[in-house]
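Undergrad: Handing you a structure now.
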Amino acid sequence: MVFTAGPATQGPGMVIDENQAQVIRGWHDIEKDNCPYMKKAQKFFDSVADRAAVNGHAIDLWGCALDQVGMHEMKNCIVGTGGYMIMA
């Protein structure tokens with residue numbers, strides 16, 4: 001299970017960099033394809049989903065908002081492994 005309350009700022013699954021002046025992307029950015037880290041993060045999380053599914057693991061994700069923690073990028077981890085996504 002992943003319990004998260006903020007976006008990834010480092011590593012291959014990063015959604016936004018650590019620069020405080022830059023705000024995290026919103027749905028308007030996703031629609032306009034104005035998200036510099038989204039495609040790379042989705043590719044990374046797709047590979048995580050593939051490895052988890054092959055090994056018989058389900059990934060459950062608890063988060064606070066779909067666009068604010070990177071749940072959009074992680075969606076295939078949940079769908080591909082039969083897990084649950086809970087937003088609260």
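Undergrad: Which ³J(HN,Hα) values in Hz, rounded to whole numbers, follow from the phi angles of region 25-31 under the Karplus curve 6.51 cos²θ - 1.76 cosθ + 1.60, where θ = phi - 60° and Gly and Pro get x?
TA: 5, x, 5, 5, 5, 5, 4
Undergrad: Can I ask one more? GNM on the chain, C-alpha springs below 10 Å: top fluctuator among GLY56, GLY70, GLY13?
TA: Answer for the Gaussian network model of the chain: GLY56.
Undergrad: Can you list which of the GluC sites (Glu not before Pro) found in region 7-88 are DSSP loop residues with at most 10 other C-beta atoms within 10 Å? Numbers along the way, then the final one.
TA: Working: sites: GLU18, GLU31, GLU73; in loops: GLU18.
Passing both the DSSP loop test and the Cβ count: GLU18.
Undergrad: Compute the helix-to-body angle for 38-54: its Cα long axis versus the longest principal axis of the chain, expressed 0 to 90° and rounded to tens.
TA: Between the helix axis and the principal axis of the chain, the angle is about 10 degrees.
Undergrad: Let me ask something else about it. Dipole magnitude of the chain about its Cα centre, charges +1 at Lys/Arg Cβ and -1 at Asp/Glu Cβ only, in debye to the nearest 20?
TA: That gives a dipole near 140 debye.
Undergrad: Taking amide hydrogens as modeled 1.01 Å from N in the peptide plane, which residues meet the under 5 Å criterion relative to ILE86, leaving out close sequence neighbours?
TA: Here LEU61, TRP62, GLY63 satisfy the definition.
Undergrad: Just in region 12-66: which trypsin sites (Lys or Arg not before Pro) are loop by DSSP and have at most 12 other Cβ atoms within 10 Å?
TA: On the way: sites: ARG25, LYS32, LYS39, LYS40, LYS43, ARG51; in loops: ARG25, LYS32.
In loop regions of region 12-66 (DSSP not H, G, I, E or B), the sparsely surrounded trypsin sites (Lys or Arg not before Pro) are LYS32.
Undergrad: What FRET efficiency do you get for LYS40 and ASP60 if R0 is 30 Å and r is their Cβ-Cβ distance, rounded to the nearest 0.05?
TA: On the way: r = 24 Å, r/R0 = 0.79.
The calculated FRET efficiency here is 0.80.
Undergrad: Tell me, what is the percent relative contact order of the chain, built from C-alpha pairs under 8 Å that lie six or more residues apart? Walk me through the numbers on the way to the answer.
TA: Values: 137 pairs, mean separation 30.2, N = 88.
RCO, the chain: 34 percent.
Undergrad: From the phi angles alone, apply the Karplus equation (6.51, -1.76, 1.60; θ = phi - 60°) to region 74-84 and give each ³J(HN,Hα) in whole Hz, x where the residue is Gly or Pro.
TA: 8, 3, 5, 5, 7, 4, x, 10, x, x, 10
Throughout, read-outs are computed from the coordinates displayed, never taken from laboratory work. Computed from a predicted model, the values in this text were never measured in an experiment. As a convention, Cβ positions derive from the backbone with ideal geometry for all residues, glycine included, and neighbour counts pool all protein chains shown.
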